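Chemist: Handing you a structure now.
The values are calculated or read from the model by the stated rules, or taken from the named source; none is laboratory data. Fair warning: this is a prediction, and the values are worked out from it, not measured in the lab. Cβ coordinates were reconstructed from backbone atoms using ideal geometry, including for glycine residues, and neighbour counts include every protein chain displayed. To get the accessible areas, we keep the full protein, side chains included, count just its heavy atoms, and leave off ligands, DNA and RNA. Shrake-Rupley method; radii C 1.70, N 1.55, O 1.52, S 1.80 Å.
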Amino acid sequence: MTIHIGAKPGEIADTVLMPGDPMRAKWVAETFLEDARQVNEVRGMLGFTGTWHGHRVSVQGSGMGMASLSIYANELIRDYDATTLIRIGSCGGMQPHVALRDVVLAATASSISTPSSTILREVNYAPCADFGLLRDAAARADAMDVPTHVGGIYSSDTFYDERPDLNAEMVRHGILAVEMEAAELYTVAARHGARALAVLTVSDHLETGEALSSADRERSFSDMIEIALSAAFG
Ligand code: HPA
């Protein structure tokens, strides 16, 4: 057990999917895994372990934002020996060609700062995805015919952003989408020798103001999870 995860040693798989929302962790476990068992409920941040096509896999909520995700990523890797962490979540599209329901595979994740900035100090570190996971996810998305974009995203600290100039610079520099966790996930994974990837679904668009309905969300989130699991075990 760790401070934030109540699972016993051995109860968490090497591969962990990390949605921000703990209720989505439950839905993923119930919908995609066989023999799923709840292994964490500390602070309501639900975690489950089961199998997918015979492969052992866990799903652990990360909470929203890099400060929260950092706690779970550190404990999963350092205390439970997780080796592959894949964030599954939503993002806000930033480019005109990035549409609602599209999948975004984050090759890199830019940020203003992350919890790891206290370690990296003056270094403008470039958090990047594990290449093997990224390649396998892109191949699977292609085979499934899911509209997918591979490139840079922005991991923001503020959902209620009051810096339109900053978003404009992100757009100008080709950033595909915004979310709030991937940069710290990539940095913690790199620091401890684990593999990481963020597989995201566009749930809203910053330019157009469009957003997915909840029925649409569920259907498109299924593609994202299939892509994430295939990449993990590809
Ligand atoms: N901002 C930050 N995170 C998000 C957004 C957004 O617009 N949409 C989905 N996750």
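Chemist: For every other residue with a beta carbon closer than 15 angstrom to the beta carbon of M23, add +1 if it is Lys or Arg and -1 if Asp or Glu, then tell me the sum.
Modeler: Charge balance near M23 sits at 0.
Chemist: Give me the net charge of A7's neighbourhood, meaning all other residues with Cβ under 11 Å from the Cβ of A7; Lys, Arg count +1, Asp, Glu -1.
Modeler: Net of charged neighbours comes to -2.
Chemist: Let me ask something additional. Quote the relative contact order of segment 130-234 in percent (integer), defining contacts as alpha-carbon pairs under 8 Å separated by 6+ residues.
Modeler: 35 percent
Chemist: What's the ranking of 195-206, 42-53 by average number of surrounding C-beta atoms within 10 Å, highest first?
Modeler: Ranking, from highest mean packing down: 195-206, 42-53.
Chemist: Please say if segment 47-167 is rounded, prolate or oblate, where rounded means a/c under 1.5 for a ≥ b ≥ c the square roots of the C-alpha gyration tensor eigenvalues, and otherwise the choice is prolate for a/b larger than b/c and oblate otherwise?
Modeler: Here segment 47-167 falls in the oblate category.
Chemist: Right, another one. If eta is 1.567 mPa s and T is 4 °C, what Stokes-Einstein diffusion coefficient results for segment 140-234, Kirkwood Rh from Cα pairs, in µm²/s?
Modeler: Once the numbers are plugged in, D ends up at 86 µm²/s.
Chemist: Explain nothing, just the number: relative contact order of the chain, from Cα pairs under 8 Å at least 6 residues apart, as a whole percent.
Modeler: Value for the chain: 25 percent.
Chemist: A follow-up question, please. Any idea how far apart D35 and Y160 come out in nm if each label point goes 7 Å out from Cα toward Cβ?
Modeler: Simple spin-label model gives 4.7 nm for this pair.
Chemist: Considering only protein heavy atoms and a probe of 1.4 Å, how much of the accessible area of segment 129-234 is carbon and sulfur, as a whole percent?
Modeler: 49 percent
Chemist: Per 0.36 nm of contour for each residue apart, how much would the distance between R43 and R78 grow if the chain were fully extended, relative to their Cα-Cα spacing?
Modeler: 10.6 nm
Chemist: Let me spell out the model: positive unit charges on the Cβ of Lys and Arg, negative unit charges on the Cβ of Asp and Glu, origin at the Cα centre of the chain. What dipole size does that give, in debye rounded to 20?
Modeler: Using Cβ point charges on Lys, Arg, Asp and Glu, the chain gives about 480 debye.
Chemist: Right, next: How much accessible area per residue does segment 1-121 have, in Å², with a 1.4 Å probe?
Modeler: Heavy-atom SASA per residue in segment 1-121 reads 43 Å².
Chemist: Dipole of segment 29-107 (Lys/Arg Cβ +1, Asp/Glu Cβ -1, origin at the Cα centre): which of S68, Q95, V39 lies farthest to the positive side?
Modeler: Towards the positive end, the residue furthest out is Q95.
Chemist: First compute the accessible area of segment 21-65 with a 1.4 Å probe, then give the percent of it belonging to carbon and sulfur atoms.
Modeler: Answer for segment 21-65: carbon and sulfur cover 51 percent of the accessible area.
Chemist: What is the sum of charges around T148, taking Lys and Arg as +1, Asp and Glu as -1, for the other residues whose C-beta is under 13 Å from the C-beta of T148?
Modeler: Local net charge: -3.
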